[in-house]
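J.: One structure follows; several queries about it will come next.
Bear in mind these aren't lab numbers, they're just calculated from the coordinates by the rules spelled out. All of these numbers come straight from a predicted model, not from anything done at the bench. Heads up, the Cβs are rebuilt from the backbone with ideal geometry, glycines too, and the neighbour counts pull from every protein chain shown.
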Ligand SMILES: C[S@@+](CC[C@H](N)C(=O)[O-])C[C@H]1O[C@@H](n2cnc3c(N)ncnc32)[C@H](O)[C@@H]1O
C-alpha cells in the first residue's frame with residue numbers, strides 16, 4: 001500500500017465520498033456515478049471469467065480511482081476465512097452495493113448459492129454486471145428489497161428462492177447499521193439459521209452497530225459464540241473497525 005492508500009485523507013475521492021455520505025444514506029450511491037464507473041472499469045480492465053482478477057480490479061479502482069464502501073481487501077480476508085469455516089451451501093447477504101463481498105463469498109465457497117439483498121436497484125444493476133463479467137451470475141442473485149419491509153422480501157426469499165427452516169449456512173450483514181439487530185432477529189424468527197450457522201457483521205465499530213454488539217455480548221455462550229476481529233475500515237490502515245464473527249449455538 002502507498003501512503004495515499006494508507007492515509008485516506010490524502011485522497012480526493014475520500015473527501016468526495018465523505019461529502020456524498022448523506023446521498024449514500026438516502027440512495028445507496030455516493031452520487032457522483034462511481035458505482036457505474038466501477039462496473040465499466042471492471043468490464044474494460046479485468047479478464048472475463050476470472051474472479052481473482054475482477055476482485056483485484058475492483059480493489060484497484062477503489063484505491064486508485066474512487067473509494068468505494070466495499071468490505072475491502074483487509075476485512076475481506078476475515079470474511080473469506082469465515083466463509084471457509086462455514087463451508088456454506090446457501091449464503092444470505094444484506095447489502096450488495098457493487099457486488100464485491102458477494103463475489104468474495106462466491107470465490108471462497110465454490111459450491112454455494114449466494115443471495116444478496118439490496119435496497120438500490122441501481123446498485124443491483126452494477127453488481128449484476130460485475131458478477132456476469134466474473135462468470136458467476138448463475139450462482140449469485142441480487143434481490144432488490146429490504147428485510148424491514150414488513151415481510152415482502154422475506155416472503156419472496158421463501159417463495160421464489162427456496163429459503164426455509166435451517167437453510168442459511170452463512171449470513172453476512174453489511175447494510176444499514178441501525179437495523180443489523182432487527183434484521184438478524186427477523187431472520188432468526190423465520191428459523192432459517194441452524195446450529196453452526198455463522199453470522200458475520202461488518203462496520204460494527206465504524207459507523208457502528210452498538211445494539212448488535214451489545215446483543216452478541218449478552219448472548220455470548222448462550223445463543224451465540226462471537227469473536228470480535230479488530231481491523232480497519234476499508235482501503236486504509238488509519239481508522240479502526242470491528243468485524244464480528246458469530247456462531248449460532250441453537251437451532
Ligand atoms: C456498505 S454497502 C455494502 C457493501 C458490500 N457488502 C460489499 O462489501 O461489497 C451497504 C449497502 O446496503 C444497502 N442498504 C442500505 N440499507 C439497506 C437495507 N435496509 N436493506 C438492504 N440494503 C440496504 C445500500 O444501498 C448499500 O448498497
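J.: What's the extension gain from residue 182 to residue 80 if we count 0.36 nm per residue and subtract their Cα-Cα distance? Intermediate results must be reported in sequence, preceding the final value.
T.: Working: separation 102, 0.36 × 102 = 36.72 nm, distance 2.50 nm.
Full extension of this stretch gives 34.2 nm more.
J.: Computed FRET efficiency, Cβ-Cβ of residue 195 and residue 152, R0 30 Å: what is it to the nearest 0.05?
T.: Working: r = 29 Å, r/R0 = 0.96.
The value I calculate is 0.55.
J.: On to the next question. Packing-wise, with mean Cβ within 10 Å as the measure, how do 200-207, 213-220 rank, highest first?
T.: Ranking, from highest mean packing down: 200-207, 213-220.
J.: Working out 0.36 nm times the residue gap between residue 247 and residue 32, then minus their Cα-Cα distance, what length gain in nm do you get to one decimal?
T.: 73.6 nm
J.: Can I ask one more? In vacuum, with every alpha carbon of the stretch 184-251 counted as one equal point scatterer, what does the Debye formula give for log10 I(q)/I(0) at q = 0.17, 0.24 Å⁻¹? Two decimals, please.
T.: -0.61, -1.03
J.: Further, regarding this structure: Evaluate the stretch 81-155: find the radius of gyration of its Cα atoms, find its Kirkwood radius, and give the ratio Rg to Rh.
T.: Taking Rh as the inverse mean 1/r over Cα pairs, Rg/Rh reads 0.97.
J.: Taking 10 °C and 1.306 mPa s as the conditions, I'd like the Stokes-Einstein D for the stretch 10-149 in µm²/s, using the Kirkwood hydrodynamic radius from alpha carbon pairs.
T.: Result for D is 105 µm²/s.
J.: While we're here: Return one number: the angle in degrees, 0 to 90 and rounded to the nearest 10, between the long axis of the Cα atoms of helix 34-45 and the longest principal axis of the Cα atoms of the chain.
T.: Tilt of helix 34-45: around 70 degrees.
J.: Mean shadow of the chain, computed from the convex hull of its alpha carbons, in nm²? Could you put the intermediate results ahead of the total?
T.: Details: hull surface 47.8 nm².
Quarter of the Cα hull surface area: 12.0 nm².
J.: Ranked highest first by average number of other Cβ atoms within 10 Å, how do 127-139, 95-107 line up?
T.: 95-107, 127-139
J.: Against the longest principal axis of the chain, how steep is helix 121-134, in degrees 0 to 90 to the nearest 10, with axes from Cα atoms?
T.: For helix 121-134, the angle is close to 80 degrees.
J.: May I pose another question? What do you get for the angle between helix 152-161 and the principal long axis of the chain? Use alpha-carbon atoms, 0 to 90 degrees, nearest ten.
T.: Orientation of helix 152-161: about 80 degrees from the principal axis.
J.: Hey, another quick one. What order, most packed first, do the peptides 221-229, 236-244 have when packing is the mean number of other Cβ atoms within 10 Å of each residue? Numbers along the way, then the final one.
T.: Numbers: 221-229: 14.3, 236-244: 17.1.
Ranked from most to least packed, the peptides come out as 236-244, 221-229.
J.: Please identify which residues in the stretch 128-145 have an amide N closer than 19 Å to a label point set 7 Å out from the Cα of residue 121, following the Cα→Cβ vector.
T.: Once the point is set 7 Å along Cα→Cβ of residue 121, 128-130, 141-145 turn out to lie under 19 Å by backbone N, inside the stretch 128-145.
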